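A single structure is presented below for examination.
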Amino acid sequence: MPIKSYDAHQIEAKWQQYWQVHRVHETDLRGAADPYYVLMMFPYPSAEGLHVGNVYAFTGADIQGRYQRLRGHDVFEPMGFDAFGIHSENFALRINTHPMKLIPRNVENFRRQLRMMGLMLDWSHEVLTPDPDYYKWTQWIFLQLYKHGLAYRATAPVNWCPKCHTVISNEQVVDGECERHPGTEVERREMEQWFFRTTKYAQRLLDNLDWIDWSDITRNAQRNWIGRSEGAEVDFRLPGRDAALRVYTTRPDTLYGATYMVLAPEHPLVGELVSEEQRAQVGAYIERARKMRAADRTDEEREKTGVYLGAEAINPVNDQPIPIWISDYVLIEYGTGAIMAVPAHDQRDYQFASQFDLPIIPVIRPTGGDPPEGEAYVGEGVMINSGPYDGLPSQDCLRKITHDLAAQGVAQPRVQYRLRDWCISRQRYWGPPIPMIHCEKCGIVPVPAEDLPVRLPEIEDFRPDTPGGKPLERYKPFYETTCPTCGGPAHRDADVSDNFLDSAWYFLRYPSSHRDDVAWDAELTRKWLPVDMYVGGNEHAVLHLMYTRFLCMAFKDMGLIEFEEPFKKFRAHGLLIREGGKMSKTHGNVINPDEYVDEHGADTLRMYLMFLGPYTEGGDFRDSGIIGIRRFLERLHRLYWEVLTKRAADAPGAEPAASGGDAVPAWGALDRPTAIKLHQTIRKVGEDIESFGYNTAIAALMELLNTLRAAPALDAFALESLAILLAPFAPHEAEELWEMLGHEGSILAARWPQYDPALTVTEEVEIAVQVMGRLRGSVHVARDASEQVVRDAALAHESIAKHLAGKQIRRVIHVPNRLINFVAN
RNA sequence: GCGAGAGUGGCGGAACUGGUAGACGCGCUGGAUUUAGGAUCCAGUGAUGAUUCAUCGUGGGGGUUCGAGUCCCCCCUCUCGCACCA
């Protein structure tokens, strides 16, 4: 039974129950004729409950899903929980509760809130990362990568967060601080870790960015992160040694200007090259650099520091010996950890040379102009002081010098990426154990696939990094095992894998979540993947989204899947702020969706969030504005109720009176202006949804409602269309209106209305009339009227005539259906 | 510093390839109705001037054009990403 007045709670409870009972949101994955996979970034189920940022993201994705469903697709819109990881673990530690107890509670609360928001989620395919049925396959993936040489173990300087008590990846380091702990300096530690060879795919990850249909902002962030540069490796001879000092440079054209070399303090040759006289100083410098906090070391404002090694290298282009220094402005991780310094043409080198009075030799002269004073000239120009290359354009020499040196065997072209391999190991408890066994005799042995999952034991003391070692190391029943190869004593890898691995493949699991014998079902995967539409926050542009792409490429090469890009479309939503400022716990201005749903209902909250601003740019949540959406829904509901009850009353008499003085539109044929508004709105809302212009789509719905309320009469097509157009935004109310219209079952069974192109244009248009480019009035003429007609109409206009009085018309500019401009003097 | 984007009423924000700036909503003003209401309905709402008229108005300054929020140049501010990556 339809509900008379707009009572959000009653309506929303009613339809949520209906959806659940009738499984309206579940998709027949195998039988689907026209699959469309909508994905939203699954949340970490925090104890605080669903964040309004999640609601914002999910609603934007849900609109796509509902719209595609109304367009006739079989839409799959799954949800799950990313409940492993440091986030959950730290919280569990803080409140002194075991995560295995904590997580189910949080998840239950999240499910409740997600249902409350009326998302079209198919809960029958939920995944939960800490579920052994899930992480069994996370471990299996690790084994696949290992098998194909993409997982390796290495001792490398890693980022250690003293608060997390674990290593974190490069991507999780922000300005030398831990992403999770602002203000906490990341330390550098040498540790043996598992890495995934993401760098192997650097070029493909970069190349595919040219064609994948993703938000530009996200693709740009990825390009930046991959950081491809082209240059050359050049060997500088070391007098009296066999070895050469190899540097990487993007500017081989400036080789003649190299007046010194700089090694990173950690460079392996430092110890060998340092002279006796300099040894003490160099040692002290290295010690100081080692202790230096990461954020300070990378502060560009800081004065350059460094120490002379007491050794020389020979510049291969002119055989000149140049001094070798060490300085912390050279990074051991990048290139070869050593540079040739060209102070005339590199700002950093210039600063360093100025600091230590090293020679500065310009080798490129800017074309048509003088080189800048007091700084390096980094542009191109004409070669000078460069022996045989003098007079050539510097750009030509980029390749030429490399080529010539390559012929002598002392240089080679080289492409360098900023992207690093993905450090997978975490010295923590709350994650999937890395499925590897360390045997004294056999070395590193993978756990046989049939032994998966390696279950995470439920241990009481899961604190990280206590004196007894890592949590899983302390727990002997887990740690001590036997070697699968030789049967001898062995121990398990005591690390767990990075939380980002859990979320790097979850979309592959959703359709196949019922299969316990394979990670993903081949047929379902072929049918449903790649994901048609992925919507999420851009904060994951270089983390999650890079890792998923890497995994897909690896899987494709292994023959496990048939595509290499996981998401056909990805759209990044903007940031939601509140009252002009950032929303955060510290500001105490975080929006709790429950409160707003309590007060106004989920449809109002959903719609308001989408109305705030352009979805891809974010919006400013102001409490004062939400009432506008609420009023809209109330007016809408009232209109339907009044028109439809009136019609029911009129129906027996068949002939509905053309409402005498009654404000309620009658039932009958639409007048033409109303019909035009309707058809224009049908077109606009569809187009706007496809381009994520939700705010303007909602504005169009409001305009349509205003028009319908003022119309003399309405018909079924108008009311049905508006209900369907509303359905992506306010799904509960749309269902209620649909029922009021006499339909049985969900509005999702309806089809998106077709607009009639002929009815999207008026037959009369208003033409702006300008005199000398200034607006002086307007005239109404028939659509597509000729210039002559418009001109005559305009000249007949008295205010136009006034402005043209005494003037001669020199020129007339006519833009059909828009304006006419008289140029006169 | 580099890269990307953005500056429009009191506020959030509209404006397709240059063509009537300010859609839609909030707020505000006036009116109607109601015992009352953070209710509903109607009208108005960029600024200035005396009205139905005019002038000025899209961060600032120049320019192109019959016509510029939109295109070009310079500057200012803000947001985001990267940041001693050689």
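Ratio of alpha-carbon Rg to the 2.2 N^0.38 Å globular estimate for the range A:1-159, to two decimals, please.
Working: Rg = 19.4 Å, N = 159, 2.2 N^0.38 = 15.1 Å.
Normalised by 2.2 N^0.38 Å, the Cα Rg of the range A:1-159 equals 1.28.
Turning to a different aspect of this structure: Relative to the first principal axis of the alpha-carbon coordinates of chain A, what is the inclination of helix A:276-291, with its axis defined by its Cα atoms, in degrees from 0 to 90 and to the nearest 10?
Tilt of helix A:276-291: around 30 degrees.
Using +1 on the beta carbon of Lys and Arg, -1 on that of Asp and Glu, and nothing else charged, what's the dipole of the range A:762-824 about the Cα centre, debye to 20?
460 debye
Which cross-chain or sequence-distant (5 or more) residues have an amide H under 5 Å from the amide H of A:Gln320, H modelled 1.01 Å from N in plane?
A:Asn315
Another one. Dividing the alpha-carbon Rg of chain A by 2.2 N^0.38 Å yields what?
1.21
Assuming R0 = 35 Å, what is the FRET efficiency of A:Arg818 and A:Gln754, from their Cβ-Cβ distance, to the nearest 0.05? Kindly include the intermediate steps, with their values, before the conclusion.
Values: r = 28 Å, r/R0 = 0.80.
FRET efficiency, A:Arg818 to A:Gln754: 0.80.
Please find the FRET efficiency linking A:Asp784 to A:Gln395, where r is the Cβ-Cβ separation and R0 is fixed at 41 Å, and quote it to the nearest 0.05.
For R0 = 41 Å, the calculated efficiency reads 0.15.
For a label point 7 angstrom out from the Cα of A:Glu523 toward its Cβ, which stretches of the range A:10-54 have the backbone nitrogen within less than 20 Å?
Residues A:27-37 fall inside that zone.
Moving on. Can you bin the range A:497-551 into rounded, prolate or oblate? Criterion: square roots of the alpha carbon gyration tensor eigenvalues sorted a ≥ b ≥ c, rounded for a/c under 1.5, prolate for a/b above b/c, oblate for the rest.
Oblate is the answer for the range A:497-551, as a/c is 1.5 or above yet b/c matches or exceeds a/b.
If you stretched the chain out fully between A:Asp7 and A:Asp213, how much longer would it get, using 0.36 nm times the residue separation minus the C-alpha to C-alpha distance?
70.1 nm
Rg to Rh ratio, the range A:625-759, alpha-carbon atoms and Kirkwood radius? Numbers along the way, then the final one.
Details: Rg = 14.5 Å, Rh = 15.3 Å.
Over the Cα atoms of the range A:625-759, Rg/Rh equals 0.95.
Suppose a student asked you for the relative contact order of chain A, using Cα pairs under 8 Å spaced at least 6 residues apart; what percent would you report? Can you show the working numbers first?
Numbers: 1498 pairs, mean separation 115.9, N = 825.
Answer for chain A is 14 percent.
Right, here's the next one. Between helix A:347-356 and chain A, what is the angle of the helix's C-alpha long axis to the longest principal axis, kept within 0 to 90° and rounded to the nearest 10?
Compared with the principal axis, the helix lies near 40 degrees.
Would you work out which of A:Phe58, A:Phe729, A:Leu456 lies farthest towards the positive end of the dipole of chain A, given +1 charges on the beta-carbon of Lys and Arg and -1 on that of Asp and Glu, about the Cα centre?
A:Phe729
Here's something else I'd like to know. Express in nm, to one decimal, how much length is gained between A:Val378 and A:Arg223 on full extension, taking 0.36 nm for each residue of separation and deducting their alpha carbon distance.
Gain in length upon complete extension: 53.5 nm.
Still on this model: With +1 assigned to the C-beta of every Lys and Arg and -1 to the C-beta of every Asp and Glu, and no other charges, what is the dipole magnitude of chain A about the Cα centre in debye, to the nearest 20?
Values: 89 positive and 115 negative charges, 149 e Å.
In debye, rounded to 20, chain A gives about 720.
Express the relative contact order of the range A:705-825 as a whole percentage, based on alpha carbon pairs under 8 Å and six or more residues apart in sequence.
After rounding, I find 19 percent.
With a 1.4 Å probe and all protein chains kept in place, how much accessible area does A:His22 have, in Å² rounded to the nearest 10?
100 Å²
Stretch A:Ala801-A:His743 to full length: gain in nm at 0.36 nm per residue minus the Cα-Cα span?
15.1 nm
With a 10 Å radius around each residue's Cβ, average the other Cβ atoms per peptide and rank A:247-254, A:140-147, highest first.
A:247-254, A:140-147
Another question, if that's okay. What pairs in A:Lys147/A:Lys568; A:Lys147/A:Lys476; A:Lys101/A:Lys582; A:Lys101/A:Lys441 have C-alpha atoms more than 31 Å from each other?
Working: A:Lys147/A:Lys568 28 Å; A:Lys147/A:Lys476 28 Å; A:Lys101/A:Lys582 33 Å; A:Lys101/A:Lys441 39 Å.
As for pairs spanning more than 31 Å Cα to Cα, those are A:Lys101/A:Lys582; A:Lys101/A:Lys441.
Further question: Modelled label-to-label distance, A:Glu187 and A:Glu458, 7 Å Cα→beta-carbon offset: nm?
3.4 nm
Let me ask another. How much FRET efficiency would the formula 1/(1 + (r/R0)^6) give for A:Gln355 and A:Lys163, where r is the Cβ-Cβ distance and R0 is 60 Å, rounded to 0.05?
About 0.95, to the nearest 0.05.
How high is the relative contact order of the range A:229-416, in percent, with contacts defined as C-alpha pairs under 8 Å that are six or more residues apart? Show your work: numbers first, answer last.
Values: 377 pairs, mean separation 54.3, N = 188.
In percent, rounded to a whole number, it is 29.
Residue farthest toward the positive end of the dipole of the range A:762-824, with Cβ of Lys/Arg at +1 and Asp/Glu at -1: which of A:Val823, A:Ala785, A:Ala768?
With unit charges placed on the Cβ atoms, the residue in question is A:Val823.
Over the range A:762-824, what per residue volume does the convex hull of the Cα atoms give, in whole Å³?
It is 64 Å³ per residue.
How long are the three semi-axes of the equivalent ellipsoid for the range A:86-204, computed from the Cα gyration tensor as the root of 5 times each eigenvalue, in whole Å, largest first?
Calculated on Cα positions only, the semi-axes equal 30, 23, 15 Å.
Taking Cα atoms, how many degrees apart are the long axis of helix A:52-70 and the longest axis of chain A, rounded to 10 and kept between 0 and 90?
With rounding to tens, the tilt is 60 degrees.
In addition: In debye, nearest 20: dipole of the range A:1-114 around its Cα centre with unit charges on the Cβ of K, R (+) and D, E (-)?
Here the size comes out at about 240 debye.
Here's something else I'd like to know. How do the peptides A:600-607, A:212-219 rank, highest first, by the average count of neighbouring beta carbon atoms within 10 Å per residue?
A:600-607, A:212-219
Taking a point 7 angstrom from the Cα of A:Arg71 along the C-beta vector, which residues in the range A:532-554 have backbone N less than 12 Å away?
Under 12 Å, as judged by backbone N against the label point of A:Arg71, lie A:532-533 of the range A:532-554.
Under 16 Å from the Cα of A:Lys569, which aspartates and glutamates turn up, not counting those fewer than eight places away in the same chain?
Leaving aside aspartates and glutamates fewer than 8 places away in the same chain, those within reach of A:Lys569 are A:Asp62, A:Glu77, A:Asp210, A:Asp213, A:Asp216, A:Asp532, A:Glu690.
The values are calculated or read from the model by the stated rules, or taken from the named source; none is laboratory data. Just so it is clear, the model here is predicted, and its values are computed rather than measured. Note: ideal-geometry Cβ built from the backbone for every residue, glycine included; neighbour counts use all protein chains shown. Ligands, DNA and RNA are stripped out before the accessible areas are found, and what is left, the full protein with its side chains, is counted by its heavy atoms. Shrake-Rupley method; radii C 1.70, N 1.55, O 1.52, S 1.80 Å.
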